[in-house]
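The values are calculated or read from the model by the stated rules, or taken from the named source; none is laboratory data. Keep in mind that what you see is a predicted model, and the values were worked out from it rather than measured. Using ideal geometry, Cβ is built from the backbone for each residue, glycine included, and neighbour counts are taken over all protein chains shown. These area figures cover heavy atoms from the full protein model, side chains too; ligands, DNA and RNA do not enter into them. Shrake-Rupley method; radii C 1.70, N 1.55, O 1.52, S 1.80 Å.
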Amino acid sequence: DEDKVSGSRTTTWDQFGRLEAACSLWNGRLSLSASQQLSYTRTESEGPVGPGGYALLPVAIGEARWGAGCTDLSPAPSLLDGDRQRPAGPELGEGGGRCVGLRMEFREADVVCLYLEAGVPRATGLSWNLYRSADGRSWELVREALACLYREERRCLEIELPRTSARWLLLELAEWSPGTRLPLTEVEAKRRAWGVGRVRTTDRFRSLRTDLSVHLTPRPRWSCSYAFSRSRSMPIPGPDTVDQSHAATLSWTGSRWCSPTLSFNQTEGKTQGEPRTLSRSYSLSVTSSPLGTLDASGGFTRTDTFRGGRRQSTTNTLNLYLTAQVLPDLNASLTLIHTRSRHYPSGVRSRDTTARLVSTVRVTPKYTAELTYECTRTLTRGEDTARTTAHRLSLCSTWRPSDILLTRATTSWSWQEAGRTYNTSYGIWWAPTRRLQLNLRYTSSGDGSSSRTWSSFLSWEIGPHLSLKLNADRAEADGRTSWSVSTRLTARF
């Protein structure tokens, strides 16, 4: 990969191997499986030394996520596709998310670059916090109020990082000016390499992973299973890391009234020079079908986390799920989730309650409508007490006039104390033959005109050895337009 603007170049070699074995004994009542895999990556980077006496060279990022908080991150592969011009979707700031998570696998970085869409006003008054994590779920604060510099010529926010080695890093937008919007197109991590003229660095990353699993059915209604996994990461430069996990389940299919399952999970991690981390969870779930038109399931889960032998957090979750056939053409489901958690170092306690009601009606044999309502309430107690309530209402209708044509329309409204949002989507799927498929889709968000997207997809099996796939997209947002077309022809012999 060569960056013509900065004059930097990166070359990467990847090797990967995996061996698997499995067997079944005692007429299928006992199943055993094992696997071993090895991967090796070498990355060579070089670039010119700038006025500061160093070159900023790229650091590989394994995965990118984003969301409103560190507990509800969603995958964002478009932030790592190498396209700094096309909108990626995630947006930070006013009315958007606040967090960007990066899976670094203990690769050290000095700067994280967040690239913005064209035409975005200069961002001011920004303050960022840095967190780290071993599993991408439990986060530890590293530093607050990180320095941030906006590069006008590159439409890039450069956030200075302290030297931190972790599997996951998270940047939280803690403060911003009113009206700030940061629509992202790409994210990059870079490391400073000091020298004269041009500098060159070489990074190596090795990993080993072992998996074992056993499944036993001693009696027709009883079953138990156990799974073990151990992985070791050896980056150069960087510390070695060993993670291992144990998972066990015991289930009994008693009757239609009661079928319980007991589970245990433990994950342990040890990073060179860091305290040992441990996460342990216990869960009990029960399924029941008291009526031919009613199914129910519920359960309780307790999770404890430790760091260096000291308890860090405790989370208790209760859940209930009901699904019923109210009428021959009317189905309904209800989901209730209640969570209580406590973070011991900070003393913060939180309570979350979520209720979701889904109703599906078959108006005609070819037309179906689904109505969904969801409400989430959050209470946080610490130095301050905060309460938030969020609502979401959506309507989805599907019409299938024939076996080769399907149309779908979806409209959703979301509202909370911070404001309201509106989204709509229309799609058509057409498959005139077994070898040819076409999909057309239109989406809009905001007030119906702030953001619009048209997309199409074509798949054509030309023959037994040739296939063609075509994608075309066009997006309009705040007076700016972008489009892309890609095609792939595959030959298999």
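General remarks:
- Residues in the range 155-178 include at least one that is over 24 Å from the mean Cα position of the chain (by Cα) and within 23 Å of GLY269 (Cα to Cα).
- Conditions (1) farther than 26 Å from SER288 by Cα; (2) without any contact (Cβ under 8 Å) to a residue 12 or more places away in the chain; number of the one not met by LEU327: (1)
- Flag if TRP460 is in contact with a Lys or Arg (Cβ under 6 Å, 6 or more places away or on another chain), of a type outside the set (D, E, K, R), open to solvent by 70 Å² or more (accessible area, probe 1.4 Å) and within 20 Å of SER484 (Cβ to Cβ): no
- Residues that are at pLDDT 90 or above and either open to solvent by less than 100 Å² (accessible area, probe 1.4 Å) or more than 28 Å from LYS366 (Cβ to Cβ) (or both) within the range 412-428 comprise GLY427, ILE428, listed in sequence order.
- Enumerated strands (runs of 3 or more DSSP E) restricted to the range 129-173, each holding at least 3 residues that are open to solvent by 30 Å² or more (accessible area, probe 1.4 Å) and of a type outside the set (Ser, Thr, Tyr): 140-146, 148-151
- Considering the range 198-228, and only residues there that are among the small types (Gly, Ala, Ser) and modelled with pLDDT under 95, the residue that is farthest from GLY273 (Cα to Cα) turns out to be SER223.
- Total residues in the range 430-439 satisfying the condition of being open to solvent by less than 100 Å² (accessible area, probe 1.4 Å), part of a strand (DSSP E or B) and out of contact with any Ser or Thr (no Cβ under 7 Å at 6 or more places or on another chain): the figure is 2.
- Considering residues of the range 251-269 that are crowded, with 17+ Cβ neighbours inside 10 Å and not small (Gly, Ala, Ser) only, the residue farthest from SER297 (Cα to Cα): GLU268
- Test: residue in the range 466-473 that is assigned to a strand (DSSP E or B), in contact (Cβ under 8 Å) with a residue 24 or more places away in the chain and under 26 Å from the mean Cα position of the chain (by Cα): no
- Members of the range 272-300 that are exposed (fewer than 14 other Cβ atoms within 10 Å of the Cβ), over 28 Å from the mean Cα position of the chain (by Cα) and farther than 22 Å from SER165 by Cα: PRO290, LEU291, GLY292, THR293, LEU294
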